[in-house]
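Trainee: Before we start, here is the structure in question, set down as C-alpha cells.
The values are calculated or read from the model by the stated rules, or taken from the named source; none is laboratory data. It should be emphasised that the depicted structure is a prediction, and the values quoted were computed from it without experimental measurement. Every residue, glycine among them, receives a Cβ derived from its backbone with ideal geometry; neighbour counts consider all protein chains shown.
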Amino acid sequence: MNARELEKYSSALTLSDMECFVYPELMVSLVLANLMSPLIWRWRDEECFVKLGNKNPWRRLMRLRQYIMDEFEFNLDLNTWGLTSKDVELNRFKDVISPEDIARSNALFGYTGDKYYFDVDIRRHFGLDKYDGDVIPYWKTETVEAMAAFRRKEGYQTGAGECVSLSALYAAAAFIVCGIPLEDIFLILTPLHSQNFIDIQDGVITNNRRLVTKAMWFNGTEISNKAQRALRNEQVTVVGHVTGCIHCFYEKATIDPQQYQRLQRLLREYLDAPLTQLNFANFLRSQKPYQPYFQFCRHRRGERMFVKSEVLFGYEHGSRYRILDATFDKLLEEVEEEDFSPYPIEGRLCCEQLARFLEAEKIDIKNPDDRFKLARFLSPFVPEAEKLVEELRQFLHIDPRLPSPEKQYEPAEPIRISPDFSREQVIDYLESIRSKSPTADLAFYAYRDMTRCRWEPFIKAALERSPVSIEQAAARSDEQVYEFLREMSNESIYDGPRLAQPDEVANFKTGDGIEKAFYLANVLRRRHPQQTMTLDIDGPTVCLRAERDYVFESVKGLHKRIRLEPDAYFAD
C-alpha cells in the first residue's frame with residue numbers, strides 16, 4: 001500500500017468522525033462489517049423477533065426500535081476515545097480535502113452551523129467548548145461489538161454508541177432482523193448528526209435509538225423537534241447507499257444517480273405535510289407562545305364547552321392521548337370540570353372555526369396568496385399573524401439541503417445482497433467482489449478479520465490513534481503495565497481471528513493476548529521511541545520482544561511476525 005491507501009485503510013479500523021467525513025464510503029463499509037457480525041444475526045433468535053417471524057418488515061422494524069432502546073444507550077462522552085489535535089488531523093487529509101472545507105463543515109474544527117446552532121450554542125451543547133486551542137477529542141464510530149462491549153465499562157448497564165454508530169447499527173439490523181432490502185436504506189450524514197432514511201410505508205428516519213415515522217415527524221413533540229434539528233438546520237454532507245456515495249464537497253460521486261433522485265423525491269415527500277386541523281394542533285404543541293390565542297370547542301354531555309388550548313395541551317403531559325387524533329375524546333374525558341367553560345373565551349379563536357375556514361378556502365400553506373388569506377383571518381386574534389403563518393409554513397415543510405446532484409458520476413460496483421442470504425452467504429459474496437468494490441474491501445478492515453486483511457493498516461491505527469491506552473498506562477511502569485495486562489480478562493470482544501484495537505482493550509478492560517501485546521507495544525513505542533521491537537504471533541503464544549520479552553496467550557489462531565522500528569513497521 002502507498003501512504004494514501006494506508007491512511008484510508010487504517011481509517012476503516014478507527015472510524016473517527018473525521019475519517020468518515022473524508023472517506024464517505026467508510027459509512028457503508030461499517031454497515032457491511034456489521035452485516036458480517038454474528039452478534040446481530042443472533043438477534044433473530046430472540047423470542048421477541050421469533051414471535052414476529054411471519055409479520056411484515058414494518059412490524060419487525062417497530063419491534064426493533066424497542067429492542068435497540070432496551071439494549072443500547074446514546075453515548076456522547078467525547079473522552080471515550082481520547083484526544084488528538086487539529087493540526088495532526090488536518091495534516092493527515094491535506095491531500096484529500098482542504099482545511100477550509102473541513103473547518104466549515106465539521107464541529108471539531110470550528111463549525112457551529114447556521115443561526116439555529118448559534119442560538120443554542122451547539123459547541124457548548126456537545127461539550128466541545130472545553131477543548132481550547134489545538135486539542136480536540138477523537139469522535140469515533142463503534143462497530144456493533146464495541147457498542148455491545150460498553151456493558152463492561154463503568155457507568156454503563158447496557159451497550160452504547162454515538163449517533164453514527166447507532167445509524168450503522170440500525171441499517172444492518174433493519175436488513176438482518178426485519179428483512180428490509182439494503183437498496184431501501186440511505187445513510188444521511190450532516191456535520192453534527194447521522195440518520196438513516198428507510199423507504200418503508202411513508203418513510204422512516206432513524207434518530208439515535210429511535211425511529212421517526214412521518215406522522216411522528218410532524219407531531220410537534222419535543223422528541224420530534226429534536227429529531228428534526230439536523231435536516232432542518234444543516235447541510236447534508238454525505239449520503240451513502242449500497243450503490244455508492246455522494247459528498248457535498250467532492251465533484252465525483254459513485255451513487256447511482258437514479259437512486260439519488262429517488263432519495264431526493266422520497267425525502268421531500270416525507271418532509272412535507274398538508275395544513276390540516278390535526279397538523280395545526282401539532283404546530284401549537286410545538287409553539288407554546290401561540291397557544292394563548294386559541295381555544296377548543298367540543299360537545300360534552302350534549303352541551304358546547306370551551307377549554308383554553310394551553311390547558312388542554314397541559315393535560316397531554318403524562319397522558320397517552322393526544323389532541324385531535326383518534327384518542328382526542330379520551331383526552332377530553334380526563335379534563336377536570338372546572339377547566340371547561342360553557343361560554344367562548346373572549347379574544348381567542350376556536351380551533352374548530354379555524355378548521356372550517358381551512359376547509360372552505362382550501363388553504364395551501366405553500367401558496368403565498370393563501371398564506372395572506374390565513375394571516376388576515378387570524379389577525380383579529382393573533383397579534384403577529386404573519387409571523388405565525390410563516391412559522392407554520394416552516395413547520396409543515398422542510399427543504400433538505402442535500403449535496404448537489406450536479407456531479408461527475410463514476411459508477412461503483414453495487415452491493416447486491418438479498419435479505420434471503422445467510423450470514424455466510426453475505427461474507428462469501430462480499431469476499432467475491434473485493435477486487436471490484438473498494439467499499440466491500442474496506443468492510444473487511446472495519447470487520448477486523450486479520451486472515452482476510454493486510455496487517456499494516458491495523459498496526460498504523462493501533463500505534464498512531466490509541467491515546468486512551470497511553471493515558472491509562474501513564475501512572476504505571478513498563479513492568480506494571482505488563483502485569484496489569486496479564487491480570488486482565490483474556491477474552492476478546494471480537495470473535496474468531498478478529499482483533500480489537502488497543503483503546504478498545506483499554507476501555508473495556510478485556511483482550512486476547514495479541515490485543516494486549518499491541519496495547520503494550522503502543523505504550524512502549526510512546527515511551528521509548530528509538531527502540532526496535534518485534535511482535536511474534538505463533539498460534540497460542542504471543543511474544544513482544546523489546547528490552548525484555550513480554551509473553552501473552554492467544555486463542556485467535558493467528559501467525560504473524562511484526563517488526564516495529566522507530567519510523568517504520570513491517571508484517572511478514
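Trainee: Among the residues of the range 100-112, is there at least one that is out of contact with any Leu (no Cβ under 6 Å at 6 or more places or on another chain), in a loop (DSSP other than H, G, I, E, B) and at pLDDT 80 or above?
Mentor: no
Trainee: Do we have K55 as surrounded by fewer than 21 Cβ atoms within 10 Å (Cβ to Cβ) and farther than 22 Å from R209 by Cβ here?
Mentor: No: the conditions fail for K55.
Trainee: Test of understanding: among A227, A160, which residue is in a strand (DSSP E or B) and in contact with a strand residue (DSSP E or B) (Cβ under 6 Å, 6 or more places away or on another chain)?
Mentor: A160
Trainee: In the range 483-521, which residue that is of a type in the set (S, T, Y) and either without any contact (Cβ under 8 Å) to a residue 40 or more places away in the chain or surrounded by 22 or more Cβ atoms within 10 Å (Cβ to Cβ) (or both) is nearest to A33 (Cα to Cα)?
Mentor: My answer is Y494.
Trainee: Identify all residues within the range 268-281 that are in contact with a helix residue (DSSP H, G or I) (Cβ under 8 Å, 6 or more places away or on another chain), assigned to a helix (DSSP H, G or I) and either in the same structural domain as V204 (by TED's automatic domain parsing) or not aliphatic (A, V, I, L, M) (or both); write none if there are none.
Mentor: Across the range 268-281, the qualifying residues are Y270, Q277, N279, F280.
Trainee: Residues that are of a type in the set (S, T, Y) and in the same structural domain as T158 (by TED's automatic domain parsing): find the helices (runs of 4 or more DSSP H) completely inside the range 1-98 holding 1 or more of those.
Mentor: Answer list for the range 1-98: 3-14, 25-36, 57-71.
Trainee: Determine whether R320 is surrounded by 12 or more Cβ atoms within 10 Å (Cβ to Cβ) and basic (K, R).
Mentor: So R320 does not fit the description; no.
Trainee: While we're here: Does E154 count as at pLDDT 70 or above, outside any helix (DSSP H, G or I), among the acidic types (D, E) and touching a helix residue (DSSP H, G or I) at 6+ places or on another chain (Cβ under 7 Å)?
Mentor: When the stated conditions are applied, E154 does not pass them.
To keep it simple, each residue is scored yes or no on (1) of a type in the set (D, E, K, R); (2) assigned by TED's automatic domain parsing to the domain that holds E183; (3) on the phi < 0 side of the Ramachandran plot; (4) surrounded by fewer than 19 Cβ atoms within 10 Å (Cβ to Cβ).
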position	(1), (2), (3), (4)
A253	no, yes, yes, no
P257	no, yes, yes, yes
Y260	no, yes, yes, no
L263	no, yes, yes, no
Q287	no, no, yes, yes
Q291	no, no, yes, yes
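Trainee: Now, a different point. How many of the residues making up the range 442-477 are in contact with a Cys (Cβ under 9 Å, 6 or more places away or on another chain) and of a type outside the set (S, T, Y)? Walk me through it before giving the result.
Mentor: Applying the first criterion (in contact with a Cys (Cβ under 9 Å, 6 or more places away or on another chain)) to the range 442-477 yields 444-445, 447.
Filter again for of a type outside the set (S, T, Y), leaving 444.
The number of residues fulfilling the criteria is 1.
Trainee: Another question about this same structure. So the check is Cβ under 6 Å with 6+ separation or different chains; which pairs have a first residue in the range 539-552 that's part of a loop (DSSP other than H, G, I, E, B) and a second one that's crowded, with 18+ Cβ neighbours inside 10 Å and among the polar types (S, T, N, Q)?
Mentor: Sorted first by the residue in the range 539-552, then by its partner, the pairs are P540/S554.
Trainee: OK, next. Taking the range 415-437 as the search range and keeping residues that are assigned to a helix (DSSP H, G or I) and of a type in the set (D, E, K, R), which one is nearest to V144 (Cα to Cα)?
Mentor: Among them, the one singled out is R423.
Trainee: Could you tell me which of the residues R371, R376 is crowded, with 17+ Cβ neighbours inside 10 Å, of a type outside the set (A, V, I, L, M, F, W, C), part of a helix (DSSP H, G or I) and not assigned by TED's automatic domain parsing to the domain that holds D184?
Mentor: After applying the criteria, what remains is R371.
Residue by residue, here is whether (1) in a strand (DSSP E or B); (2) at pLDDT below 95; (3) of a type in the set (A, V, I, L, M) holds:
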| position | (1), (2), (3) |
| --- | --- |
| Q480 | no, no, no |
| D495 | no, no, no |
| N507 | no, no, no |
| F518 | no, no, no |
| L524 | no, no, yes |
| Y569 | yes, yes, no |
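Trainee: OK, next. From the list A412, A440, pick out the single residue that is in a helix (DSSP H, G or I), buried (at least 18 other Cβ atoms within 10 Å of the Cβ) and in contact (Cβ under 8 Å) with a residue 24 or more places away in the chain.
Mentor: Details: A412 fails: in a helix (DSSP H, G or I).
That would be A440, the only listed residue that is in a helix (DSSP H, G or I), buried (at least 18 other Cβ atoms within 10 Å of the Cβ) and in contact (Cβ under 8 Å) with a residue 24 or more places away in the chain.
Trainee: What pairs can you find where one residue is in the range 212-238 and at positive phi and in the same structural domain as L263 (by TED's automatic domain parsing), the other is of a type outside the set (A, V, I, L, M, F, W, C) and assigned to a helix (DSSP H, G or I), and their Cβ atoms are less than 8 Å apart, with a gap of 6+ or different chains?
Mentor: Within 8 Å, the pairs are G220/N282; G220/R285; G220/S286.
Trainee: Next question, about the same structure. Would you check if A385 is of a type in the set (A, V, I, L, M), modelled with pLDDT of 95 or more, under 30 Å from A215 (Cβ atoms) and loosely packed, with under 13 Cβ neighbours inside 10 Å?
Mentor: Considered against the rule, which asks whether it is of a type in the set (A, V, I, L, M), modelled with pLDDT of 95 or more, under 30 Å from A215 (Cβ atoms) and loosely packed, with under 13 Cβ neighbours inside 10 Å, A385 comes out as no.
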